[in-house]
1. Of all residues in the range 102-130, which are touching an Asp or Glu at 6+ places or on another chain (Cβ under 7 Å), open to solvent by 50 Å² or more (accessible area, probe 1.4 Å) and modelled with pLDDT of 75 or more?
2. Would you check which residues across the range 67-101 are in a loop (DSSP other than H, G, I, E, B), open to solvent by 70 Å² or more (accessible area, probe 1.4 Å) and not charged (D, E, K, R) and list them?
3. Condition (residue is assigned to a helix (DSSP H, G or I), modelled with pLDDT of 95 or more and open to solvent by 70 Å² or more (accessible area, probe 1.4 Å)) applied to the range 134-141: is it met by at least one residue?
4. Within the range 57-66, track down each residue that is in a loop (DSSP other than H, G, I, E, B), open to solvent by 20 Å² or more (accessible area, probe 1.4 Å) and touching a residue at least 12 places away in the same chain (Cβ under 8 Å).
Amino acid sequence: SSAGTVLLQNRDSLLPLDPNAHNITILVVGGEANYPTYGGHGSGGVQAPWLHKPGDGIRRAAGIAPGHDGDVECNERGLCVHVYLGNNGDGNYSTLAQYASEAHVTILLTATNSGEGKDRVSLSLGRRANRTDVPDQYESIRVAAAHCADTVVNIVTTGAVLTPWRTLPGVKAITTMF
């Protein structure tokens, strides 16, 4: 996936993260950690024969076997990965705030989606397709960046995306995949 990733912002040279780091915690946030967006709907739809979960990929890169979401798993050097899928859209971001304040780096996995008969309603990272059962991605970025000084936002998008949050002090890096 790194070959298809575009680096849009990298303040303080936060990226690439060091897989040999010691005694740090990386928080991975968002449903994209387990259910990644990889194609649109209709003629843009893709049925992948296999799919790598980004949360598991980050664990593997840190030398940690894929585990259970919600658990903080560490390697022998104290490099820990915590995968948190996010709230259920209820507007309560207190758990995200707590986890982000405990992490050294927070990676938010965000996405937009569209296809035939399901166009995007805006160019922002709000709720996906007006779904109320998933957290507002913009608010998740705002909360994470307020509580973790080294926040990375990864965007999987089908087109242009507005990034008014890019100047928040905690948002150090932004990557995108098309």
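The values are calculated or read from the model by the stated rules, or taken from the named source; none is laboratory data. All values reported here derive from a predicted model rather than from experimental measurement. Reconstructed Cβ throughout: ideal geometry from the backbone, glycine too, with neighbour counts over all protein chains shown. To get the accessible areas, we keep the full protein, side chains included, count just its heavy atoms, and leave off ligands, DNA and RNA. Shrake-Rupley method; radii C 1.70, N 1.55, O 1.52, S 1.80 Å.
1. Matches in the range 102-130: His104 only.
2. Across the range 67-101, the qualifying residues are His68, Asn88, Asn92.
3. no
4. Answer for the range 57-66, where residues must be in a loop (DSSP other than H, G, I, E, B), open to solvent by 20 Å² or more (accessible area, probe 1.4 Å) and touching a residue at least 12 places away in the same chain (Cβ under 8 Å): Gly63, Pro66.
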